[in-house]
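One structure below.
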């Protein structure tokens with residue numbers, strides 16, 4: 001059986017600022033191919049980012065040990081867990097692997113501390129080695145991730161479209177702060193980021209895992225996604241390293257790491273656009289009257305009169321609702337702008353091709369949108385948060401930029417703004 | 001295949017002065033000292049910006065007396081900044097100043113990728129308007145919560161409690177010197193030292209922040225304002241309340 005994934009490529013480059021300050025690179029990355037008891041290959045890629053503050057003065061070692069601990073924990077679980085058992089792996093990613101990784105990491109940093117002169121004089125503070133960790137597993141039947149901290153995971157479709165699949169919640173991070181493997185609640189935080197997706201996901205061509213220095217170096221999220229969509233096809237390791245050096249020099253100055261996985265070409269998956277075609281055919285059938293299928297969730301049926309670009313965006317988002325949150329959450333600033341400046345919606349809708357998702361948000365603001373249930377729920381949540389953010393402390397809403405019928409109905413299922 | 005060519009950008013670092021321009025600032029040369037201190041700090045600030053090309057240091061200034069208004073409205077690259085003197089006269093609309101500040105600490109106009117801003121509040125008196133309301137309006141904004149907030153009390157009539165509220169609560173158990181308390185300047189020399197410290201050492205720290213363990217952790221580093229570890233105060237000062245030079249103000 002041919003492998004479903006190529007061997008992931010990883011690269012870590014010292015940040016321009018760290019180089020100037022003669023500090024070490026505090027990022028680490030790792031790629032491994034492991035073989036299960038059934039002879040199938042499990043690819044693993046990981047990135048870790050040491051905190052680098054004065055309290056975390058050994059975090060460059062902490063990040064190396066975190067990647068090693070991840071590999072060891074996965075290797076230990078693999079013989080007893082068939083890769084075909086995706087339910088078991090989902091559970092592993094949510095709880096058992098994070099627990100094993102944290103224990104192994106803790107033991108490794110304790111051993112390192114004992115070898116140091118300081119180890120005789122003072123007890124270990126785990127924050128000394130504090131770091132983030134992002135881990136992605138690539139099996140023939142699925143891919144999954146877990147970890148904690150400010151890493152990003154982007155999926156790239158066969159058509160070259162990039163979507164943010166996982167990022168750190170604002171609730172967990174604040175400003176330059178991030179979750180850490182040294183926290184007592186690290187296992188629970190990993191559970192929040194854990195996911196497992198079957199490879200039936202339409203059109204997934206590759207995954208790009210990166211430390212925060214990459215995204216912070218890009219002028220905007222759109223640039224970051226464009227970078228991911230193209231870098232997934234990059235073969236030349238030297239070119240990757242030079243590109244990352246350019247990123248940190250012209251960008252954030254932070255250490256930068258990427259881990260890139262690409263689906264291996266297999267028979268029956270030669271045409272990159274085929275999955276999209278299948279998805280479009282399915283959506284067309286649904287739109288033509290098969291909507292009576294009991295799917296539990298109302299499918300996307302954009303109303304007549306909706307701009308075709310926006311309608312296509314609705315269908316794209318609804319085709320894979322598991323990624324709705326990651327796609328929409330980075331647009332919070334745009335929602336706030338739409339709330340404060342009603343004319344912005346007109347501008348976005350006037351040229352939807354420039355920013356289809358922005359036009360979709362503008363349409364939802366103006367009550368022109370009807371999407372699938374999951375999309376409506378996510379939009380309602382984001383609009384609610386945006387309105388809360390613009391709400392003054394006295395609890396009164398600002399002068400009615402928002403129509404009363406655009407607010408989610410109290411007590412009922414949240415719906416998109418004006419969508420019903 | 002070549003490496004993707006996408007737009008890269010260093011990260012803006014907004015540095016904003018909030019200056020009390022009430023009538024009392026005209027007394028005993030306080031306003032003159034403030035103008036002088038800010039002007040003299042600019043070369044050092046430019047040098048720090050030059051040493052940290054990953055950050056784009058942009059300066060603004062807001063004055064408040066009878067009303068609050070922008071003295072330097074456009075975010076101005078520090079190397080292009082030419083300081084215009086502030087003038088004193090009026091009462092102390094500090095609450096209105098915080099409201100005005102809040103209007104620019106939202107996204108947009110704040111950039112997604114911006115570094116936590118540095119906000120320096122300088123006052124010699126007590127607010128005469130709704131300070132609490134202005135502060136509440138400001139502090140509901142994520143950018144204000146993430147900001148490095150410092151305050152400088154000019155003279156002994158300054159309301160230290162109000163200035164402490166602006167900074168946020170001091171970390172528990174902290175004794176002795178701490179920039180997380182209002183810095184008390186009782187003469188022009190000390191004021192200049194504090195302004196110099198804020199515009200160089202603090203800007204340097206904020207330009208290339210190391211990751212911190214998340215405040216969600218409840219760890220010691222999660223105290224308010226610990227997002228950017230503040231550098232030590234100028235070495236001549238053993239404590240923010242220990243002044244050097246004569247007591248003038």
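The values are calculated or read from the model by the stated rules, or taken from the named source; none is laboratory data. Quantities reported herein were computed from a predicted structural model and do not represent experimental measurements. Using ideal geometry, Cβ is built from the backbone for each residue, glycine included, and neighbour counts are taken over all protein chains shown.
Do you know which residues across the range A:205-221 are over 11 Å from residue B:8 (Cα atoms) and more than 9 Å from chain B (Cβ to nearest Cβ)? Those that are over 11 Å from residue B:8 (Cα atoms) and more than 9 Å from chain B (Cβ to nearest Cβ): A:205, A:206, A:207, A:208, A:209, A:210, A:211, A:213. Which of the residues that make up the range A:215-242 are surrounded by fewer than 23 Cβ atoms within 10 Å (Cβ to Cβ), at pLDDT 95 or above and touching a helix residue (DSSP H, G or I) at 6+ places or on another chain (Cβ under 8 Å)? Listed by number, the list holds a single entry, A:240. Close Cβ contacts (under 7 Å, 6 or more residues apart or on different chains) running from residues in the range B:88-106 that are modelled with pLDDT under 95 to residues that are crowded, with 18+ Cβ neighbours inside 10 Å and not in a helix (DSSP H, G or I) comprise B:106/B:141. Scanning the range B:1-37 for residues that are in a helix (DSSP H, G or I) and in contact with a helix residue (DSSP H, G or I) (Cβ under 6 Å, 6 or more places away or on another chain) yields B:25, B:31, B:33, B:37.
List the helices (runs of 4 or more DSSP H) that sit entirely inside the range A:124-239 and contain at least 2 residues that are closer than 27 Å to residue A:113 by Cβ and in contact with a strand residue (DSSP E or B) (Cβ under 6 Å, 6 or more places away or on another chain). Walk me through it before giving the result.
Details: elements: A:186-193, A:212-217, A:221-231.
In the range A:124-239, the matching helices (runs of 4 or more DSSP H) lie at A:186-193.
For the range A:23-42, a tally of residues being farther than 21 Å from residue A:105 by Cβ and not in a loop (DSSP other than H, G, I, E, B) returns 3.
Among the residues of the range A:35-69, those that are within 21 Å of the chain's Cα centre (by Cα) and over 19 Å from residue A:128 (Cα atoms) comprise A:42, A:43, A:44, A:45, A:46. Scanning the range B:38-49 for residues that are in contact with a helix residue (DSSP H, G or I) (Cβ under 8 Å, 6 or more places away or on another chain) and either surrounded by fewer than 23 Cβ atoms within 10 Å (Cβ to Cβ) or in a strand (DSSP E or B) (or both) gives B:40, B:41, B:42, B:44, B:46, B:47, B:48. Among the residues of the range B:137-170, those that are assigned to a loop (DSSP other than H, G, I, E, B) and either surrounded by 20 or more Cβ atoms within 10 Å (Cβ to Cβ) or away from chain A (no Cβ under 14 Å) (or both) comprise B:147, B:155, B:156, B:157, B:158, B:159, B:169, B:170. Return yes or no: is residue A:120 assigned to a helix (DSSP H, G or I), more than 27 Å from residue A:216 (Cβ to Cβ) and modelled with pLDDT under 95? Answer is yes for this residue.
Going by the conditions given, is residue B:134 buried (at least 21 other Cβ atoms within 10 Å of the Cβ), out of contact with any strand residue (DSSP E or B) (no Cβ under 6 Å at 6 or more places or on another chain) and at pLDDT 95 or above? So that I can check it myself, show each step before the final result.
Details: buried (at least 21 other Cβ atoms within 10 Å of the Cβ): yes; out of contact with any strand residue (DSSP E or B) (no Cβ under 6 Å at 6 or more places or on another chain): yes; at pLDDT 95 or above: yes.
Yes.
Taken as a whole, the range B:109-116 holds no residue that is more than 10 Å from chain A (Cβ to nearest Cβ) and either closer than 20 Å to residue B:169 by Cα or not in a loop (DSSP other than H, G, I, E, B) (or both).
Would the range A:52-62 turn up any residue that is more than 14 Å from chain B (Cβ to nearest Cβ), outside any strand (DSSP E or B) and within 19 Å of residue A:110 (Cα to Cα)? Break it down into steps so the answer makes sense when it comes.
Here is the first cut: in the range A:52-62, the residues more than 14 Å from chain B (Cβ to nearest Cβ) are A:61.
From what is left, the residues that are outside any strand (DSSP E or B) are A:61.
After this cut, where a residue has to be within 19 Å of residue A:110 (Cα to Cα) as well, the list is A:61.
So far as the range A:52-62 goes, yes, one or more of its residues are more than 14 Å from chain B (Cβ to nearest Cβ), outside any strand (DSSP E or B) and within 19 Å of residue A:110 (Cα to Cα).
Looking at this structure, is residue A:277 more than 9 Å from every other protein chain (Cβ to nearest Cβ), modelled with pLDDT under 90 and not in a loop (DSSP other than H, G, I, E, B)? So residue A:277 fits the description; yes. Once the range A:178-188 is narrowed to residues that are facing chain B (nearest Cβ under 8 Å) and under 18 Å from the mean Cα position of the chain (by Cα), the residue that is surrounded by the most Cβ atoms within 10 Å (Cβ to Cβ) is A:180.
Answer yes or no as to whether residue B:104 is at negative phi, crowded, with 20+ Cβ neighbours inside 10 Å and in contact with a strand residue (DSSP E or B) (Cβ under 8 Å, 6 or more places away or on another chain). Working first, answer last.
On the way: at negative phi: yes; crowded, with 20+ Cβ neighbours inside 10 Å: no; in contact with a strand residue (DSSP E or B) (Cβ under 8 Å, 6 or more places away or on another chain): yes.
So residue B:104 fails the test.
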